[in-house]
There are 2 protein chains.
Amino acid sequence: MSSRSETITRILDSAESHICKKGYNAFSFREIAHEIGIKSASVHYHFPTKANLAAAVVLRYTDSFIKSLGEPNSPNADAKDLLKNYIQEFQNVLISNDSMCLGGILSAELTSLPDEVADATRQFFIENLRWLTDVLQLHFGVNDIAISHFKAMKILAMLEGTLIVMRSLNREVQFEEMVEDFLNLS
Amino acid sequence: MSSRSETITRILDSAESHICKKGYNAFSFREIAHEIGIKSASVHYHFPTKANLAAAVVLRYTDSFIKSLGEPNSPNADAKDLLKNYIQEFQNVLISNDSMCLGGILSAELTSLPDEVADATRQFFIENLRWLTDVLQLHFGVNDIAISHFKAMKILAMLEGTLIVMRSLNREVQFEEMVEDFLNLS
DNA sequence: ATCAATCTATCTACTGATAGATAGCTTTGA
DNA sequence: TCAAAGCTATCTATCAGTAGATAGATTGAT
């Protein structure tokens, strides 16, 4: 038998994988339970409702994603490295088979999501924009907050859009080239 | 009683609206039937399967969208007008409440779609890219097909991404400003 | 009279969710 | 120290609801 946190982690891992591939409305407690070798009732023990489970997935995903990006205020942080790494994270999503960005796929489904899942999804985008704006603000000398905020939106929109479009076209693309018109990293 | 084509049109209209708002996996025959005042069995009479109905929705949507854009080869076509109109179509999607671009939402769900719906979704993007590439090629004097194709991808990705991001942020934005770094329309 | 279109009624499969039982720890108190 | 009590994590079994789909009767216009 696995420990409490091990089981919870395995449920969250499986749920995240399913949601990234198929979205909120196409995953079920039973398939997650089957995948990790327990019964669906046991999944309900840890996560009472589907909305509760999905919200937990999004919160963990957002937290771990933002943490992995690094702290913009860190003294030895290099803005270009931070942004290159940010872009690479999106490139990696496309490489991992049949997956979407969790935020992107849930935002597409937003109107059919329970409130707590929709709220967590909105928070994912808010935190991405905040991080991007901070990096642009601190390291590129864009001292007008509105300008760096707008630039952050363009970066985020282009990366999410590239995922959406390339998913259907099944083509390879360099994400860094997609944003080069408004973000020079060379 | 409505004629055959009237009923079919109303089914397609209702299905399109539901899919644009909630995606493929969150709409049902029963809600569409109820909305237009018939029974779900009657919807099955016109569209035997859910996949069949959704594919018909996407084909009609793609066809009517591309047709509405105008013909790039037309002698009196103005490239800037064509592109401004294209961008405005995406702006309109954001204005219409709680809707997404049909292609965008289905591309997000792609892995959980039946083959015929996924194929129709891919075709939507292929035809968008073809139209954009044609316009750029013919009117902006970009004679390298690879360059205009890449520019078309950037335009499409940015517009789809803007829809995805703004859906969660619930903010207003000028789509023309989002693409101005690589598409000057002034 | 025909036949397209719609209906009623039903089916199977699956959904999220809950109830109740149980095995095995862990805590507690005399 | 050791039994009583409670807790954790799981199970089996089942619920009501909804999904897509189909068979067969009914309607109604030409």
Problem - Matching entry among A:Asp181, A:Asp119 (being more than 8 Å from chain B (Cβ to nearest Cβ) and among the charged types (D, E, K, R)) - result: A:Asp119
Completion exercise
By residue number, the members of segment A:58-79 that are loosely packed, with under 15 Cβ neighbours inside 10 Å and part of a helix (DSSP H, G or I) are A:Asp63, A:Ser64, A:Lys67, A:Ser68
Fill in the blank from the handout: Checked segment B:152-178 for anything in contact with a Lys or Arg (Cβ under 8 Å, 6 or more places away or on another chain) and at the interface with another protein chain (Cβ under 7 Å from one of its Cβ atoms); matches are B:Met158, B:Ser168, B:Leu169, B:Met178
Exercise for the section: Answer yes if at least one residue in segment A:69-87 is closer than 30 Å to B:Cys20 by Cβ and either of a type in the set (Asp, Glu) or within 16 Å of DNA strand C (Cβ to nearest atom) (or both), and no otherwise. Expected result: no
Problem - Single residue of B:Asp98, B:Asp63 found to be away from DNA strand C (no atom under 16 Å from the Cβ) and under 21 Å from A:Ile105 (Cβ atoms) - result: B:Asp98
Completion exercise
Of (1) crowded, with 21+ Cβ neighbours inside 10 Å; (2) at pLDDT 95 or above, B:Gln174 satisfies every one except (1)
Handout entry: Every residue from segment A:58-69 that is touching a residue at least 24 places away in the same chain (Cβ under 8 Å) and not polar (S, T, N, Q)
Key = A:Val58, A:Leu59, A:Arg60, A:Tyr61, A:Phe65, A:Ile66, A:Leu69
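The values are calculated or read from the model by the stated rules, or taken from the named source; none is laboratory data. Only a predicted model underlies this, so the values are computations on that prediction, with no experimental measurement involved. Every residue, glycine as well, gets a Cβ built from its backbone with ideal geometry; the counts of neighbours run over all protein chains shown.
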